[in-house]
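First up is the structure itself, then whatever we jot down about it.
The values are calculated or read from the model by the stated rules, or taken from the named source; none is laboratory data. Predicted model, so just to flag it, every value in this text is computed and none were measured. Glycine gets a Cβ as well: all are built from the backbone with ideal geometry, and neighbour counts include every protein chain shown.
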Amino acid sequence: MADDDYVYDEATGEWRPAAELAAEAVRKVVDAAGNPLADGDSVTLIKDLKVKGTSTTLKQGTVIRSIRLTDSDEEIDCRHDTIKGLVLRTEFVRKR
């Protein structure tokens, strides 16, 4: 991309520099405290969560290791000893 490339931003209806739009396209997945999350991070639950489809409740303070980011900025894919294929919302976790 050259420095003088411009792209039409349909959301704002303006012509904007391509480098500026590329910088905004970077996803930022954050936990409840605003800390950035990445693949492989460990997180702690900040409240008790009932797991749909099971009688299990994950307690506050439970550590979840080796998370994976999903297509959604508000969800992470993880695994717990008792539950495989667990998807948690980022608003309920805090990075360790």
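Structure above, values below:
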{"read-out": "The stretch 20-45: number of residues that are over 30 Å from ASP5 (Cα atoms), charged (D, E, K, R) and loosely packed, with under 12 Cβ neighbours inside 10 Å", "value": "1"}
{"read-out": "Residue check, ASP4 at pLDDT below 90, over 16 Å from PHE92 (Cα atoms) and in contact with a Leu (Cβ under 8 Å, 6 or more places away or on another chain)", "value": "no"}
{"read-out": "Identity of the residue in the stretch 46-96, under 11 Å from the mean Cα position of the chain (by Cα) and assigned to a loop (DSSP other than H, G, I, E, B), that ends up surrounded by the fewest Cβ atoms within 10 Å (Cβ to Cβ)", "value": "ASP71"}
{"read-out": "Cross-chain or 6+ apart pairs with Cβ under 6 Å, the stretch 56-72 first and free of Cβ contacts under 8 Å to residues at least 60 places away in the same chain, then of a type in the set (Asp, Glu) and surrounded by fewer than 13 Cβ atoms within 10 Å (Cβ to Cβ)", "value": "THR57/ASP48; LYS59/ASP48; GLN60/ASP48; ARG68/ASP39; LEU69/ASP39"}
{"read-out": "Those residues of the stretch 10-19 which are modelled with pLDDT of 85 or more and either surrounded by 11 or more Cβ atoms within 10 Å (Cβ to Cβ) or not in a loop (DSSP other than H, G, I, E, B) (or both), in sequence order", "value": "GLU14, TRP15, ARG16, PRO17"}
{"read-out": "The stretch 34-45, subset aliphatic (A, V, I, L, M) and in a loop (DSSP other than H, G, I, E, B), residue nearest to GLU91 (Cα to Cα)", "value": "LEU37"}
